[in-house]
Amino acid sequence: MIQIKSDHDEFYQIFNASVDGMYVIARDFTVLRVNDAFTNMTGISRESIEGKKCNEVLNDAICIKTDCPLCRVLETNQTYNTNVILKNCTNDSRYYVLTATPLRDSEERVFGVINSFKDITEYKHLEQQLTNVNQTLEKRVADRTKELKQREDQLIRLLYADSLTGLPNRLCLLRDLNKSAVPVVALINIDGFEQINNFYGYTAGDAILLNLARLLSNTLPSKAYQLYRIHADEYAIFLDAKRAANLPVILNDFEQLSRHITALIPATKFTNRNQAVMLRVTMGIAFATDPDPEKLVIKADIALREARCRRKPFLFFKETEEIGARYHDNIKLASILQDAIKHDRIVPYFQPIYNHEQPHSKHYEVLARLIDNSGNVISPFQFINIAKVTRQYPAITKAIVQKSFALFKDRPDEISINLDIDDMEDIQTTEMIHTELTKHNIADRVVFEVLENHRLENHTEAVNFLKTLKAAGCKLAVDDFGSGYSNFSYVLSLDFDYLKIDASLIKNIDQDAHSQAIVKSIVTFARDMGIKTIAEFVHSESVFSTVKDYNIDFSQGFYIARPEPWPVN
């Protein structure tokens, strides 16, 4: 056995005082010395180990026979590190870093090693905890990512799908047209479908629309043809012609398909409670070799309208002088509208609503105007339909709401704003309205006007939105009441605050006995229900005087004042 010299006493003092378990092994595997920490760590006494071969007295966890630290040091002449797990006296597992350090004589020859065991159990536990936390976080992130992806997929489906039929919608059609180099599209519009809704009810109308969607889907010649529902009573068929050279054959196929559809639908009985409902449709077909989906849909719509005017079942769009001029006017107005929105030139005009009982109180209807780049003022009658066709209508509502609310936030006056069914069913628009109401604290001074002919009974989202407006403190008005089928129960069901009597009943009320009788019944009903009445189209002193005589609460029209930008005189 190699003897340890007495001049190493200081070394052995440090050796014995170390908190790390340590033992010294000679080249021949004899254990020369162990320290107190080692005996405490392993439960092995000095007497049972010192002077004996390590591979005989130490267990496999300490004396790693398959990868012997001493052998490693002798082979490499360098310090060797490895991790080991040992059982303590209570049989608990502890983690250690085993470091085998070479011991050298005066000639730098390795005569043995000193093995030290550094306890890293707490570190390992913390590492495991951190690993567990990371795994938990990774799982949460993965689950959240999956959830967000599912929501995104759901929103995309909602964005591009019609809620009633499940067919792709208008937005999806525009997207698909934009991807096609040579798209062909046919629009299919049900003739007089509004009368069917009014006669049979909206539930029956929806059932008919679903049945028609199934019929059209089964009529398409192949999967290359895609069916869409792009509006309440309007469908579209799209086919990608791929190349212009294919157009003659494809247009001939579309002509045959259009003949078949416009003959098949009138011959099909759509039933409602065992009663046959007859439908007719008109179609317009267009194709394009330029990548502008909006233009193509407008072309097809012009062809459809032209077919209806000529009492034809369908027509292909052709650039005749008259239709071309109309088409270019539409495109030009769409471009003007887009430019006005981009440069913030959609502005509110205000028309006073005169209170007969309190002439000094102020109430205004807010009306949209478009200012073109030359400063000309364009009426909404010229651009609203174009805005809806080109999907720019929400931007108009947003501009009018934000600008009028900001202008009247500190004024006591009441303002009225028109809402379309598209506004009430557009999530972004409804959220924007509630945000602006809260931002300006103006709800108690805002009246939202809804056209009577919107017939909201089967538009659940719109009805719910109107109820949230009432709950927020806003008032509601029925616009153009009496213009057609006047539904008094409809007025009561949504707790309207104002009835705006339609211009058709007011403009000749000073002379027309029929108008007078209808207006009297409307006013009587409204007063009994505690609803205020507003006469529209008060254009002369005689009409104004008659309106007051019939106890109508408010007057609005050119006799009172024309719509003007703020401030209004």
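Per residue and in cubic angstrom, what volume does the convex hull of the Cα atoms of the chain have? Numbers along the way, then the final one.
Details: hull volume 194.5 nm³, N = 569.
Convex hull of Cα atoms, per residue: 342 Å³.
Relative to the longest principal axis of the Cα atoms of the chain, the long axis of helix 170-179 lies at roughly 70 degrees.
Restricting the calculation to Cα atoms, every distinct pair contributes to the Kirkwood radius of segment 178-315, found to be 15.5 Å. Here the chain is assigned +1 on the Cβ of each Lys and Arg and -1 on the Cβ of each Asp and Glu. Its dipole about the Cα centre then comes out at about 1340 debye. Rounded to the nearest 10 degrees, the angle from helix 321-342 to the longest Cα principal axis of the chain is 50 degrees. Carbon-plus-sulfur accessible fraction, segment 469-569 (probe radius 1.4 Å, protein heavy atoms only): 49%.
Given a 1.4 angstrom probe, what's the average accessible area per residue across segment 222-364, in square angstrom? Mind dumping the intermediate values first?
Numbers: 7880 Å² over 143 residues.
So segment 222-364 comes to 55 Å² accessible per residue, rounded to a whole number.
Give me the Å³ per residue figure for the convex hull around the C-alpha atoms of segment 397-472. Intermediate values should be presented prior to the final figure.
Working: hull volume 5.9 nm³, N = 76.
Considering the Cα atoms of segment 397-472, their hull volume per residue is 78 Å³.
Positive-end ranking of 232, 18, 192 along the dipole of the chain, with charges on Cβ about the Cα centre, is headed by 192.
Aspartates and glutamates near residue 146 by alpha-carbon distance under 15 Å, same-chain residues fewer than 8 away left out - which ones? Straight-distance partners of residue 146: 138. Segment 25-49 and segment 94-164 have Cα centres separated by 35 Å.
Our Cα-only numbers for segment 241-374 put the radius of gyration and Dmax at 22.7, 72 Å.
How large a share of the accessible area of segment 333-457, in percent, is made up of carbon and sulfur atoms when the probe is 1.4 Å and the other protein chains stay in place? Its accessible area is 48 percent carbon and sulfur atoms.
Run lengths n ≥ 4 of DSSP H only: what is the helix-derived mean residue ellipticity at 222 nm for the chain, with -39500 (n - 2.57) per run over all residues, to the nearest 500? Present the calculation step by step, with values, prior to reporting the outcome.
Working: 20 runs with 256 residues, N = 569.
Calculated at 222 nm, the ellipticity per residue is -14000 deg cm²/dmol.
Placing unit charges on the Cβ atoms of the charged side chains and taking the dipole of the chain about its Cα centre, the candidate lying farthest along the positive direction among 434, 248, 375 is 248.
Helix 427-440 and the longest principal axis of the C-alpha atoms of the chain enclose an angle of approximately 90°.
Against the criterion of solvent-accessible heavy-atom surface with a 1.4 angstrom probe, 379, 374 sort, most first, into 374, 379. Partner lysines whose Cα lies under 29 Å from the Cα of residue 87, excluding those fewer than 8 positions away in the same chain, are identified as 52, 53, 65, 118, 124. At q = 0.17 Å⁻¹, what log₁₀ I(q)/I(0) does segment 135-214 have when each alpha carbon counts as one equal point scatterer in the Debye sum? Per q value, in the given order, log10 I(q)/I(0) is -0.86.
For the set 403/439; 149/388; 269/299; 342/403; 332/403; 342/388, the pairs lying more than 19 angstrom apart at their alpha carbons are 149/388; 269/299; 332/403.
The values are calculated or read from the model by the stated rules, or taken from the named source; none is laboratory data. Note that the structure is predicted; figures quoted are calculated from it, not measured. Backbone-built Cβ (ideal geometry, glycine too); neighbour counts: all protein chains shown. Surface accessibility is based on the protein's heavy atoms, side chains included, excluding ligands, DNA and RNA. Shrake-Rupley method; radii C 1.70, N 1.55, O 1.52, S 1.80 Å.
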